[in-house]
1. Considering amide H positions built from the backbone, and no H for Pro or chain starts, which residues 5 or more places from L108, or on another chain, come under 5 Å of its amide H?
2. Provide the per-residue ³J(HN,Hα) series for segment 47-54, in order, calculated from phi with Karplus coefficients 6.51, -1.76, 1.60 and θ = phi - 60°, each as a whole number of Hz, with x at glycine and proline positions.
3. Can you put D75, D21, D113 in order of Cβ neighbours within 10 angstrom, beginning with the fewest?
4. Enumerate the calculated ³J(HN,Hα) couplings along segment 27-44 in order (Karplus 6.51 cos²θ - 1.76 cosθ + 1.60, θ = phi - 60°), each rounded to whole Hz, writing x wherever the residue is Gly or Pro.
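Each value in this text was obtained by applying a stated rule to the coordinates, not by laboratory testing. If you're wondering where the values come from, they're calculated on a predicted model, not measured in any experiment. Neighbour counts are summed over all protein chains in view; Cβ atoms, including those assigned to glycine, are modelled from backbone coordinates with ideal geometry.
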Amino acid sequence: MIALLALAAGVGAVLLLLGSDRERSPAAASAALGLIVGWAFIGSGLVARRQRPENRLGTVMVFIGFAWFATFLVDAGSPLVFTLGKAVESVYLLGFVYLVLSFPTGQLRSTLDRALIAAAIAIVTVVELAWLLSPIRTRRSVRSAHTTPSKSCATTASLTGSCRGSAASG
């Protein structure tokens, strides 16, 4: 069942990316890379869950893969879907931070690890939502961000061939 959801999420991400005017690199290359990253995390996570069900890392890797595909919602033409995508755009990083801090046991071992995860949760939820709902952000700036890549994104694209992963693209 999860594999079918992963297939659908990957296909949806590719369709959003190919239909977007935000991607500055060749869309086919970005789509292929997006699929490889998302499906690699989900596939690895499913294998890890099967081999070591008591270890949380498999579940975390599946989460990262689906959260990665959710980042492609910002490529949607619908303002509502775009806004939802902006709200969840950094969530995959939360999973990745947890993965790194809890490796190899899947458990956070220290108070510092738990504090870092708590800070990451606050940043990708509370801070992101506050930024999206900020009265300083006008409808025009949101529309502009939706239709044209930022200067920082263009710089990132010139170096990497893609706006993905650019802090300014989020």
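1. Result for L108 returns nothing.
2. These are the phi-based 3J(HN,Hα) values: 5, 4, 5, 5, 6, 9, x, 7 Hz.
3. Taking fewest neighbouring Cβ atoms as first place, the list is D21, D113, D75.
4. Going residue by residue, I get 4, 5, 5, 5, 5, 4, 5, x, 5, 4, 5, x, 5, 5, 5, 5, x, 4 Hz, with x marking Gly and Pro.
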